[in-house]
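The values are calculated or read from the model by the stated rules, or taken from the named source; none is laboratory data. From a predicted model like this one, the values you see are computed outputs, not experimental measurements. As a convention, Cβ positions derive from the backbone with ideal geometry for all residues, glycine included, and neighbour counts pool all protein chains shown. In case anyone asks, the SASA skips ligands and DNA or RNA and just uses the protein heavy atoms, side chains included. Shrake-Rupley method; radii C 1.70, N 1.55, O 1.52, S 1.80 Å.
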Amino acid sequence: MTADRSAPASMFVRSDVVFLLGGVAATVAAGVTRFVPSGPVVPFVASAIAVTLLASVVGRSVEQLGDRFGPGATGALQSALGNLPELFIALFALKAGLVTVVQSALIGSILANLLLVMGLSFVVGGLKHGPQNLDSKRAREIAVLMVLSVGALVVPSLAAHVHTPAEPHESTLSIAVSIVLLILFALTLPGSLKRASAEPDRHSEPPRWPLAVAVGLLAIASVAAAFVSDWFVTALEPAMEALHISEAFAGLVVVAIAGNAIENVVGVQLAAAGRSEYAFSVIIQSPLQIALLLAPLLVILSNVMGFTSLTLVFPPLLVAAVCIAVLMAVFITFDGESTWTEGATMIGLYVVIAASFWWG
Amino acid sequence: MTADRSAPASMFVRSDVVFLLGGVAATVAAGVTRFVPSGPVVPFVASAIAVTLLASVVGRSVEQLGDRFGPGATGALQSALGNLPELFIALFALKAGLVTVVQSALIGSILANLLLVMGLSFVVGGLKHGPQNLDSKRAREIAVLMVLSVGALVVPSLAAHVHTPAEPHESTLSIAVSIVLLILFALTLPGSLKRASAEPDRHSEPPRWPLAVAVGLLAIASVAAAFVSDWFVTALEPAMEALHISEAFAGLVVVAIAGNAIENVVGVQLAAAGRSEYAFSVIIQSPLQIALLLAPLLVILSNVMGFTSLTLVFPPLLVAAVCIAVLMAVFITFDGESTWTEGATMIGLYVVIAASFWWG
Amino acid sequence: MTADRSAPASMFVRSDVVFLLGGVAATVAAGVTRFVPSGPVVPFVASAIAVTLLASVVGRSVEQLGDRFGPGATGALQSALGNLPELFIALFALKAGLVTVVQSALIGSILANLLLVMGLSFVVGGLKHGPQNLDSKRAREIAVLMVLSVGALVVPSLAAHVHTPAEPHESTLSIAVSIVLLILFALTLPGSLKRASAEPDRHSEPPRWPLAVAVGLLAIASVAAAFVSDWFVTALEPAMEALHISEAFAGLVVVAIAGNAIENVVGVQLAAAGRSEYAFSVIIQSPLQIALLLAPLLVILSNVMGFTSLTLVFPPLLVAAVCIAVLMAVFITFDGESTWTEGATMIGLYVVIAASFWWG
């Protein structure tokens, strides 16, 4: 800690500065557009960029904070706080009654991770390093957990769509399933923390930020993310109308990608560096957290807080798309090898699914 | 045989005595409740326990009988007689017009085996022995056979639900598919008998029961099981009403678990003993027999005997649930390793599916 | 080339002669039945046989031609011309407004290859050589590509059936998806050519036919195939009526098997010769080409040429059947071993699916 204070110059590396200053600038810009008339699109773009950058600052603060307490703590903190901006966006959107956007964004995040980002990481890694190896027990174990989680997540949708007597009870059923999912999250957390800490080269650097800076930035960025999420949701509806984008497409593609942009870049960068196993484990972690933590939490919070009630009854095409994406991801993992053509096909599949939602 | 007669004291081991006396007591109790007014729930519980214990006595008699003629014979006898109590229950239920109960119980047995029992065996085995190994060709071969069997089993449902012209012919189609399934059962029987007899440590003990005792107990227990199955079905309807349980839930959960209770315990006990491969093969054998033998046999018998006709057109949610469960089972097998968190997630998935059927 | 001319006697081997003379005879017979009244069934059978034999002559010409330019060229030519007869049949059927037949035939070809032909090859290979090995990275890679291709192929159907807003746009969506599929075909072509040329013992023989003969026969057989395809489609409708076959069943079973007969025989022959890996790669190549090349090409051509517009919105049961078949194929590949009982179960599954379509 003394070392940190005596060398403040090296405390923030260049990318820290970019994200911090960028986050401040974009937040200010997004705030200004709320009072200065600037059409429907500018406030939306400004707040989308601000959310993305603030999400990244939250992520960095968590990492710096966690490094002080060992990799297990980082994992726990990341689980608890890493999805904070997505949670804010979803809560404000639910408050504004945009249930379709939230549902599409939840599934869209899973799709974007499993098809688009994983596909990109295979294309980048495959073109640079040839066929990449995924042939580990750990990779298969995560894949199986994901298929189980998503399986549980989609049961209420199936029940409501194809089992008429369950339809009027979709809210009750969703809450019951959410509790099961949260219990499973708690049960699997120790295992995933252990996995994360065993990750080779995961945290090679010592913490750079003093404790006070890390806590302070985390607090400020989180509060700012909450405000900007509100602005983002407010700007979303006029922007959708101006750009003729349906609610489903906005959630599935725009919100899902904005909410995951930075962590997605990390996955692709790891693949470019030839660390395909680690890239896979980073990319697949996010859908797991959405299925086991974020979605059930939102269902319970939306009911407790009296917002428009979110249920786990998703539109049928979202259910079908997520099932296809999960099957793909698991087959590719079990394949043991990832090639760039597989990656290209996954991106093609993502484009095809996204195109289907163009007409809302 | 002479040895057996000279040592009658060791003929029945302690668990034999428990099941025999328990079976007699429960059967008598169930019979008494038919004449002595005892409300709607007591006769149901008594006959459920009696069926379960008689099923176990049938199973033990078959094993003792088979041991005289080698493991191949045991397998053949078990295939032929092991599902006898389930067959009785289903036939009496069809006679009583409870088609929904029978259909739910067939799928429910598959679900209970693949999710609940396999999940329990992973939790118990995993917590006691750490990650368990499933990495054998045989395990994968059984899993593929199961996915093929269940695939064939669900085609008539798909045809009736999504292919309108096939709807009025669902009975004809079901009979045609049943014949195909029975042919497949006959073709795969030699392979599964060979597998069973190659099972390490399968029958380490010599037969304890004299031939006459084994045959006699088998005959008595089978006849008793037939009677008690009738009482069980008769008691089912008033109990469902009294307990506010829907037909679908009663079949899926109550009947399915009552009909499989003892064999399920065996699977979990094997996992607890660290014999995960054998546990898997025992647990997955039952769904295979339901798909390839019991279900098609019931379709044909119900038509021949003039009972309410059973078809293979299951409600859509049952079809979706069984497809999810089979996919899970096969992914977990191919995974090559089973952990207790995977087991917990499978149990969670079972709870979620069962909850969906609460509203019948 | 001089060697070829000096030894014309060995230019055509016996099977060449059979196919050439058979093709000519069947073509003449099919032509005659167009002018001589011969009932509804004879012209249909004659033109079906003629199409099958001409398809085989096209295939042989392509192979002889390709052998001059190396295995890469053979692969490219086979991709371009191997599905020519199927393309002709489909185009004439679309011109005649038989959209259901074309859609069923496309899916039917995939089903016939993945279930019937692969099942037969497992039965034949398994009974002759015992369990066959499929345990290669290449096999798994092809299987994953196929699951991705078919995944993309079925998205428009899902969108139209379960996502109401997309329904009126099914034509636009189908064209967009077709373009994506064709791009994926172009991207994966180099890889599959490289795989084909690395195939052990693929072309052990030197070219037998002089260049002029190969080119000439290719041209003549292709033109003849075009004519006979027209006659086949014309004869199809009266034959369906006379034989009481529905359009869906005719496409799914009759057209699909007629269009693939010869290449299917090759796959089974390879399995009989104990070359299970090569048989698998031949059998699975055809569904890949249908999903990535033939189907999207037909969608675009039917729109460009102003025929009855073909979309990728298939009837739900076809979608469900193709998903089941693809899942089977991929599980069996990943299984690493193929047994004759697995093969028998696949054939059983094919019979069950075909039976469902009996009532059109």
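Short-range pairs are left out: with C-alpha atoms under 8 Å and at least six residues apart, the relative contact order of chain A is 38 percent. Take the Cα of A:Lys194, step 7 Å toward its Cβ, do the same at B:Val45, and the gap between the two points is 4.0 nm. Calculated mean residue ellipticity, 222 nm, the protein assembly as shown: -25000 deg cm²/dmol, from DSSP H runs (n ≥ 4) at -39500 (n - 2.57) each, averaged per residue and rounded to 500. In the context of the full protein assembly, B:Cys323 retains an accessible surface of approximately 50 Å², using a probe radius of 1.4 Å and ignoring ligands and nucleic acids. The label-point distance for B:Ala273 and A:Thr308, in a model that sets each label 7 Å from Cα toward Cβ, rounds to 5.8 nm.
Placing unit charges on the Cβ atoms of the charged side chains and taking the dipole of the protein assembly as shown about its Cα centre, the candidate lying farthest along the positive direction among A:Leu106, C:Ala225, B:Val13 is B:Val13. Net charge dipole, chain A: roughly 580 debye, given to the nearest 20, about the Cα centre with Cβ charges of +1 for Lys and Arg and -1 for Asp and Glu.
Identify the residues of segment B:326-360 with backbone N under 14 Å of a label point that sits 7 angstrom from the Cα of A:Thr164 along the Cα-to-Cβ direction, or state none. Within reach of a label on A:Thr164: B:360.
Using the 1.4 Å probe convention, the accessible area of segment B:138-178 works out to 27 Å² per residue with neighbouring protein chains retained. Taking a straight Cα-Cα cut-off under 18 Å and skipping sequence neighbours fewer than 8 places away in the same chain, the lysines within cross-link reach of C:Lys137 are A:Lys137, B:Lys137, C:Lys194. The overall shape of the protein assembly as shown, judged from the alpha-carbon gyration tensor, is oblate: a/c is not under 1.5, and a/b is no greater than b/c. Sorted shortest first, the distances from the A:Gln269 label point to those of the same residue in the other copies are 5.7, 5.7 nm; each point sits 7 Å from Cα along Cα-to-Cβ.
Comparing C:Phe35, C:Phe185, C:Phe307 in a Gaussian network model of chain C where C-alpha atoms under 10 Å apart are linked, the largest mean-square fluctuation is found at C:Phe35.
Calculated FRET efficiency, C:Ile300 to C:Val265, Cβ-Cβ distance, R0 = 25 Å: about 0.20 to the nearest 0.05. Computed from label points 7 Å out along Cα-Cβ, the spacing between C:Leu243 and C:Ala186 is 4.0 nm. Quick one: grab the alpha carbon gyration tensor of segment A:113-269, order the square roots of its eigenvalues as a ≥ b ≥ c, and give me rounded if a/c is under 1.5, else prolate or oblate depending on whether a/b is larger than b/c. It comes out rounded by the Cα gyration axes. For segment B:84-164, dividing the convex hull volume of the Cα atoms by the residue count gives 139 Å³ per residue. Prolate is the label for segment B:231-275, because a/c, from the alpha-carbon gyration tensor with a ≥ b ≥ c as root eigenvalues, is 1.5 or above and a/b exceeds b/c.
Of all chain A residues, the one whose Cβ lies closest to the rotation axis that maps A onto C, given with that distance rounded to whole Å, is A:Phe334, 3. Dividing the Cα radius of gyration of chain B by 2.2 N^0.38 Å, with N the residue count, gives 0.98.
If R0 is taken as 25 Å, the Cβ-Cβ distance between C:Ala25 and C:Leu211 corresponds to a FRET efficiency of 0.40. With only the Cα atoms considered, segment B:33-168 has a convex hull volume of 209 Å³ per residue. The other copies place their C:Ser38 label points at 7.8, 7.8 nm from this one, listed shortest first, where each point is 7 Å from Cα along Cα→Cβ. Overall dimensions of segment A:307-356, expressed as equivalent-ellipsoid semi-axes from the Cα gyration tensor (√(5λ), whole Å, largest first), are 27, 14, 8. Only the Cβ atoms of Lys and Arg (+1) and of Asp and Glu (-1) were treated as charged; on that basis the dipole of the protein assembly as shown about its Cα centre amounts to roughly 1180 debye. With label points defined 7 Å past Cα in the direction of Cβ, position A:Leu21 shows copy-to-copy spacings of 8.6, 8.7 nm, given to one decimal and shortest first. Summary value for segment B:228-313: 13 percent relative contact order, contacts being C-alpha pairs under 8 angstrom separated by 6+ residues.
Would you be so kind as to identify all helices of chain C, as entire DSSP H runs, whose Cα atoms reach 27 Å or more along the helix's own axis and whose mean Kyte-Doolittle hydropathy is at least 0.0? Passing helices, by number: C:14-35, C:41-67, C:137-162, C:170-198, C:211-243, C:316-335.
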